[in-house]
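Visitor: Would you mind keeping the following structure in view while I ask a few things?
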């Protein structure tokens, strides 16, 4: 089994170094390695050394972006521990969002939704901001309509994932369970066992309802109503068509009580994705 002392991870790649001093980072890494092994060893597996280093760099970035300016310009070690405290603060915030997610389930869920909701608890049991703050120690299978940026890691990833999860759940909670089931069966077929998102079909259907000048909670349109909505999307004036789609998405949010800035931008993006797809297909909507 490959072991590593400090020379394995030195020199630190310049792309990860940023504004940090390599000597200070290596000294901090040596200290954290000793704490991680509880003083039993001076070496760890190479991949563990890299993970420890990435944890340090992650916490330093958290400190840099935090609202607390008391450690600005302080030595690397002091700023690292400030970053650990920031990770712990964000973890507490994420735990509140997770508790809310468990209370606010949509009227219709599928297996991936339920299993992922249960699996997220593992993050809060296993997350280790002291050593591996960049890790996400749980399985996340349920796909969001608009995924979290790959640039995010650790608790920042979890916060954004839960924020998007709650945005989707709040939208779905404003709709009828029976209509949602019928919509999912038409959109996905066996929606319960498939790894599919539940927000996307509802957001698209509600947007098409608004475009067809129908109540957005109706969700299920007739062939004629779908054609009326598609006619607007396929207008020769693409700019006007896009504006109509965005206006429809805003109406959806207003009627469903989802007027918040993030919820509205989320629905607008889903509507724009629908607009691009239907414009490209040039086929009747909802087929």
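The values are calculated or read from the model by the stated rules, or taken from the named source; none is laboratory data. Just so it is clear, the structure is predicted and the values come from calculations on it, not from any experiment. Here the Cβ positions follow ideal geometry from the backbone for every residue, glycine too, while neighbour counts run over all protein chains shown.
Visitor: Please work out which one of (1) more than 30 Å from the chain's Cα centre (by Cα); (2) crowded, with 20+ Cβ neighbours inside 10 Å is the condition residue 249 fails and give its number.
Guide: The number of the failed condition is (1).
Visitor: Listed residues 96, 29, 57; which is within 30 Å of residue 181 (Cα to Cα) and at pLDDT 80 or above?
Guide: None of the others qualify; the one that does is 96.
Visitor: Which residue is farthest from residue 156 (Cα to Cα), if the candidates are limited to the range 37-72 and must be touching a strand residue (DSSP E or B) at 6+ places or on another chain (Cβ under 7 Å) and surrounded by 14 or more Cβ atoms within 10 Å (Cβ to Cβ)?
Guide: In this case the residue turns out to be 43.
Visitor: Those residues that are surrounded by fewer than 18 Cβ atoms within 10 Å (Cβ to Cβ) and in contact (Cβ under 8 Å) with a residue 24 or more places away in the chain, I need them from the range 235-245; list them, please.
Guide: Of everything in the range 235-245, those that are surrounded by fewer than 18 Cβ atoms within 10 Å (Cβ to Cβ) and in contact (Cβ under 8 Å) with a residue 24 or more places away in the chain turn out to be 238, 242.
Visitor: Oh, and also: For the range 230-240, give me the residue count where each residue is modelled with pLDDT under 90 and within 31 Å of the chain's Cα centre (by Cα).
Guide: Looking only at that region, the number is 3.
Condition check ((1) outside any loop (DSSP other than H, G, I, E, B); (2) assigned by TED's automatic domain parsing to the domain that holds residue 273; (3) within 25 Å of residue 218 (Cβ to Cβ); (4) touching a residue at least 24 places away in the same chain (Cβ under 8 Å)) across all residues:
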| residue | (1), (2), (3), (4) |
| --- | --- |
| 115 | yes, no, no, yes |
| 135 | no, no, no, yes |
| 141 | no, no, no, yes |
| 152 | no, no, no, no |
| 162 | yes, no, no, yes |
| 169 | yes, no, yes, yes |
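Visitor: Got a sec? Which of 243, 265 is in a helix (DSSP H, G or I) and within 24 Å of the chain's Cα centre (by Cα)?
Guide: Only one candidate qualifies: 265.
Visitor: Same structure, new question: Pull up the range 120-130, narrow it to residues that are part of a loop (DSSP other than H, G, I, E, B) and surrounded by fewer than 18 Cβ atoms within 10 Å (Cβ to Cβ), then point me to the one that is nearest to the chain's Cα centre (by Cα).
Guide: Per the criteria, the residue is 128.
Conditions tested, residue by residue: (1) part of a helix (DSSP H, G or I); (2) under 18 Å from residue 30 (Cα atoms).
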| position | (1), (2) |
| --- | --- |
| 47 | yes, yes |
| 50 | yes, yes |
| 55 | yes, yes |
| 60 | yes, yes |
| 64 | yes, no |
| 68 | no, no |
| 73 | no, no |
| 77 | yes, yes |
| 80 | yes, yes |
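Visitor: Follow-up. Which of the residues belonging to the range 171-202 are crowded, with 24+ Cβ neighbours inside 10 Å, outside any loop (DSSP other than H, G, I, E, B) and touching a residue at least 40 places away in the same chain (Cβ under 8 Å)?
Guide: Passing the criteria: only 171.
Visitor: Okay, moving on. As an exercise: evaluate residue 211 against (1) under 24 Å from residue 144 (Cα atoms); (2) surrounded by 14 or more Cβ atoms within 10 Å (Cβ to Cβ) and give the number of the one condition it does not meet.
Guide: (1)
Visitor: Continuing with the same structure: Out of all the residues in the range 85-94, which are surrounded by fewer than 21 Cβ atoms within 10 Å (Cβ to Cβ) and touching a helix residue (DSSP H, G or I) at 6+ places or on another chain (Cβ under 7 Å)?
Guide: Within the range 85-94, 90, 91, 93 qualify.
Visitor: Which count do you get for residues in the range 181-200 that are within 20 Å of residue 257 (Cβ to Cβ) and under 23 Å from the mean Cα position of the chain (by Cα)?
Guide: 3
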